[in-house]
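Written out below as structure tokens is the structure these notes cover.
None of the figures in this text is laboratory data; all of them are computed from the coordinates on show. It should be emphasised that the depicted structure is a prediction, and the values quoted were computed from it without experimental measurement. Here Cβ is always computed from backbone atoms with ideal geometry, including for glycine, and neighbour counts include all displayed protein chains.
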Amino acid sequence: MDILENELLPIQLMEGINAYRGAMWEKIAEFGEQMKSLNGYIEHESGQPQSSEFKERFPLKQTLEGGLYTRQVFAPKGNLIITMIHKQQHPSFLLKGKVSYLTDAGEVKTIVGPHIIHTQTGTQRVIYTHEDTDWCCVYKTDATTFEEAEADVYASTYKELPQEVINKIKVICQE
């Protein structure tokens, strides 16, 4: 059976990521490695050009204006998505759709658009799309190209974050 044919299974998998307290980056990376074996798995790295397969499945509208980088992505129903790690605090807008996502506290929360989420520095999300979804994020940046902006606001690994952010999150996770 395809893992995404059963809507409850992705949520159970997300809940398993934080079964034990601690920073979730490593657990999400392990989860991502397991997902690579699934049919239809694709990935994208921060600051790199998107593959044609990625662009086709997750159409992206981007703008750079007035020091703001806006990314609006469409994600079809039935996708399990692991985001890049966010280098800055910013607002995220679920414009339409229904998703379940792994919160910074390690809980799985289900929301329906329209809905606003305030993303914290160091956050990495795991998202399951119950319905076709439009999601938009807005970031501050001085970048002049989309690839530069993406590299400015996302990290591929938590080790790219400032050490004080890493230490703060590790302390919070140990409490």
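Before moving on, here are some points about what is shown:
- Fully extending the segment from residue 145 to residue 29, taken as 0.36 nm per residue of separation minus the present Cα-Cα distance, adds 39.0 nm.
- Computed extension length for residue 156-residue 77: 26.0 nm, one decimal, from 0.36 nm per residue of separation with the Cα-Cα distance subtracted.
- Two-site FRET efficiency, residue 104 against residue 53, from Cβ-Cβ distance with R₀ of 25 Å, rounded to 0.05: 0.25
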